[in-house]
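Starting off with a structure, shown below.
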Amino acid sequence: MLIHNATVITFNKENKIIQSGAIHITNGVIDAIGKSSSLLAQYPNDERWDANGLVLMPGQICAHTHIYGAFARGMYIPGTPAKNFPEILKKLWWPLDKALDLEGVRSSAEVCLVDAIRHGTTTLIDHHASQTAIDGSLDVLSDMVYASGLRAVLCYEVTDRDGPEAAKAGIQENVRFQKKVSTSDLDSRLAATFGLHASMTLSNETLEHCQAEAKLLNSGFHIHVGEHPADSDDCNKRYGIGLVTRLRQYGITGPNSIFAHCIHIDEDERQQLVETDTWVTHQPRSNMNNAVGAAQVCSMLEQSIGVSLGNDGFSNDMFAEMKVADLLHKVVSGDPRTLGADKVVQMAVQNNRSLASLFFDKRIGTIELGAYADLILLDYYPTTPLTAENLPWHILFGMSGSHVHSTIVQGKVLMKNRELTTVDEEEITSRSREAAAQTWERFEALVGG
């Protein structure tokens, strides 16, 4: 397929913008990039898509999300409002993940994936929990990802909070699914890592077990770290050391591991992240919503820590996440020079694609030869000059998820002119309402509502 007559934002090493540009796709991979006139002459007989001046750019990547959280939308939590994040976990998230059955996992995944397609987020690095429906839950998620056409990295959240048998089941789900993915030639759009909840709900014995299993799989980890002071306080009180130090002792840090949040860690711990090349993900909308604080993102970027951008289960509009990231740190610091659009794009584009490259056999998040054709078209028509130099500011102050016109993953069109092509949104919405209602009934029984 040849997409032509587009404003091509490559996000490659040169960060080229090609006016009246075109790309050619063969077997899901970009194999030609250039001016429309040149590529139209080069491929006279191939399928053509006239973009009519739309912006063509790489699809967005979300570095940390919770697909299973879709049913929290509109949920009423009985009793007095939660006064802090530990109470939010106990009153909302932990009962919700226990209320999910496999049908709920399936339906919540469908809802989230539709949202991702509509907002141009083509890759999701997910962190799943469904504590009374653990076995096979990652298969359900992967089936939905496969059917939608999107790309995802999946794992299960191991935790001791529901007892040793549930912890063992979570470990086994990670091990089983990673083995399945590594031996399957079904689809190159699916990958896996090893999920852990957080230090405060993981015993030494469980960490030892997880590290031993992950070592056999040559796997890194995906874990929450220091999202609230409760996590760091628990570690200091019980073990007399910091969070990152404890996790490092058990082999959880490293260049294949993702530490989500890292708000309540100190300078020594940040230095350990540097030393171990551990990835960090930043989720500003969630952090603001939970009133847990703001990570030292600027310091971490200056230290060359791979800080990437996630959404923690908020909407899959990563354009919105970028805007909030910029505003949050300006407010916290009281300095309008803080962070800035260029650093936000560094997290959301360059760092996110470098993180995602750990899991897939070809590059994504860039328009370059040999990269997977994970692309979005936006009906964004800039009213001021658009250049490689000012592109980050156009993204933060001009573009939005509402501009996404079409979504393509590995050369397959998932949405064209805002019409979904791989899933039936009306059917998904109907099924979701029914599954959510059943989930909410189980939730209310668990919390005594």
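The values are calculated or read from the model by the stated rules, or taken from the named source; none is laboratory data. All of these numbers come straight from a predicted model, not from anything done at the bench. No Cβ is skipped: glycine too gets one built from the backbone with ideal geometry, and neighbour counts run over all protein chains shown. Please note that ligands, DNA and RNA were not included when accessible areas were found on the heavy atoms of the full protein model with its side chains. Shrake-Rupley method; radii C 1.70, N 1.55, O 1.52, S 1.80 Å.
Along Cα→Cβ, 7 Å out, is where each label goes; now give me the distance between the ones at S188 and S304 in nm to one decimal.
3.0
How high is the FRET efficiency from L102 to R418, r the C-beta distance, R0 30 Å, rounded to 0.05?
The computed FRET efficiency comes out at 0.45.
A follow-up question, please. Restrict the search to region 1-84; then list the trypsin sites (Lys or Arg not before Pro) that DSSP places in a loop and that have at most 14 other Cβ atoms within 10 Å of their Cβ.
Numbers: sites: K13, K16, K35, R48, R73, K83; in loops: K13, K16, R73, K83.
Filter output for region 1-84: K13, R73, K83.
Something else now. Using only the Cα atoms, what convex hull volume per residue in Å³ does region 199-270 have?
Working: hull volume 5.5 nm³, N = 72.
Expressed per residue, the convex hull around the Cα atoms of region 199-270 is 76 Å³.
Looking at this model, which pairs from K13/K416; K16/K343; K90/K416 are more than 30 angstrom apart at the alpha-carbon?
Working: K13/K416 28 Å; K16/K343 18 Å; K90/K416 41 Å.
Listed pairs above 30 Å: K90/K416.
Count neighbours as other Cβ atoms within 10 Å of each site's Cβ, and list the trypsin sites (Lys or Arg not before Pro) in region 296-342 that are DSSP loop with at most 13 such neighbours.
Passing both the DSSP loop test and the Cβ count: R337.
So what are the three principal axis dimensions of region 277-345 from its Cα atoms, in whole Å, longest to shortest?
Ordered largest first, region 277-345 gives principal extents of 30, 29, 22 Å.
Whole number in Å², please: accessible area per residue of region 100-205, 1.4 Å probe, ligands, DNA and RNA not counted.
Values: 3110 Å² over 106 residues.
Each residue of region 100-205 exposes 29 Å² on average to a 1.4 Å probe.
Another question, if that's okay. What range in the chain is the longest one free of GluC sites (Glu not before Pro) that are in a loop by DSSP and have at most 13 other Cβ atoms within 10 angstrom? Let's see the in-between values first.
Working: sites that count: E14, E47, E389.
Within the chain, the longest run free of exposed GluC sites (Glu not before Pro) spans 48-388.
May I pose another question? How much mean residue ellipticity at 222 nm does the chain get from its helices, if each DSSP H run of length 4 or more adds -39500 (n - 2.57) and you divide by all residues, to the nearest 500 deg cm²/dmol?
Numbers: 17 runs with 176 residues, N = 449.
Roughly -11500 deg cm²/dmol at 222 nm, from the helical runs in the chain.
How far apart, in nm, are the 7 Å Cα→Cβ label points at K330 and K13?
Here the modelled spin labels are 3.4 nm apart.
Could I ask something else about it? What is the Rg over Rh value, at two decimals, for region 369-437, using alpha-carbon atoms and the Kirkwood definition of Rh?
Numbers: Rg = 16.4 Å, Rh = 14.6 Å.
Expressed as Rg/Rh, it is 1.12.
Out of region 396-449, which trypsin sites (Lys or Arg not before Pro) are coil in DSSP terms and have no more than 14 other C-beta atoms within 10 Å? Before the final figure, lay out each step's value.
Details: sites: K412, K416, R418, R431, R433, R442; in loops: R418.
Hits after loop and neighbour filter: R418.
Considering only protein heavy atoms and a 1.4 Å probe, what is the carbon-and-sulfur percentage of the accessible area of the chain?
Numbers: 8810 of 17590 Å².
Roughly 50 percent, rounded to a whole number.
Would you calculate the separation in nanometres between label points at R48 and D266, each defined as 7 Å from the Cα along the Cα-to-beta-carbon direction?
About 6.6 nm, to one decimal.
Taking semi-axes √(5λ) of the Cα gyration tensor in Å straight from the coordinates, which label in (1) 35, 25, 21; (2) 41, 31, 20; (3) 49, 21, 17 is the correct one?
Recomputing semi-axes √(5λ) of the Cα gyration tensor in Å here gives the entry labelled (1).
Calculate the translational D of region 1-156 in whole µm² s⁻¹ from Stokes-Einstein, where the hydrodynamic radius comes from the Kirkwood formula applied to all Cα pairs, the temperature is 25 °C and the viscosity 0.890 mPa s.
Working: Rh = 18.3 Å.
Taking Rh from Cα pairs, D becomes 134 µm²/s.
Can you spot the lysines whose alpha carbon is less than 16 Å from K179's alpha carbon? Ignore those fewer than 8 places along the same chain.
Output for K179: K215.
Shifting gears a bit: Would you mind computing Rg(Cα) / (2.2 N^0.38 Å) for region 331-449, counting N as its residues? Can you show the working numbers first?
Values: Rg = 19.9 Å, N = 119, 2.2 N^0.38 = 13.5 Å.
It is 1.47.
Can you tell me which aspartates and glutamates have their Cα less than 15 Å from the Cα of K168? Leave out same-chain residues fewer than eight positions away.
Within reach: D135, E157, D160, E205, E208, E213.
If you don't mind, another one. From the square roots a ≥ b ≥ c of the eigenvalues of the alpha-carbon gyration tensor of region 290-394, which class results: rounded (a/c under 1.5), prolate (a/b over b/c), or oblate?
On the way: a/c = 1.72, a/b = 1.27, b/c = 1.35.
Oblate is the answer for region 290-394, as a/c is 1.5 or above yet b/c matches or exceeds a/b.
Projected onto the charge dipole of the chain (+1 at Lys/Arg Cβ, -1 at Asp/Glu Cβ, origin at the Cα centre), which of L328, N290, Y381 gives the Cα projection farthest towards the positive end?
The residue sitting farthest along the positive end of the dipole is Y381.
For K83, go through the lysines and keep the ones whose alpha-carbon is under 19 Å away, minus same-chain ones fewer than eight residues off.
Answer for K83, where 19 Å is the Cα cut-off: K91, listed by chain and number.
What is the list of residues in region 128-144 whose amide nitrogen lies under 16 Å from a point 7 angstrom out from the Cα of K168, following Cα to Cβ?
So the set is 134-135.
Related question: Could you point to the residue in S148, P78, A109 farthest towards the positive end of region 45-176's charge dipole, with +1 and -1 charges on the Cβ of Lys/Arg and Asp/Glu respectively?
P78
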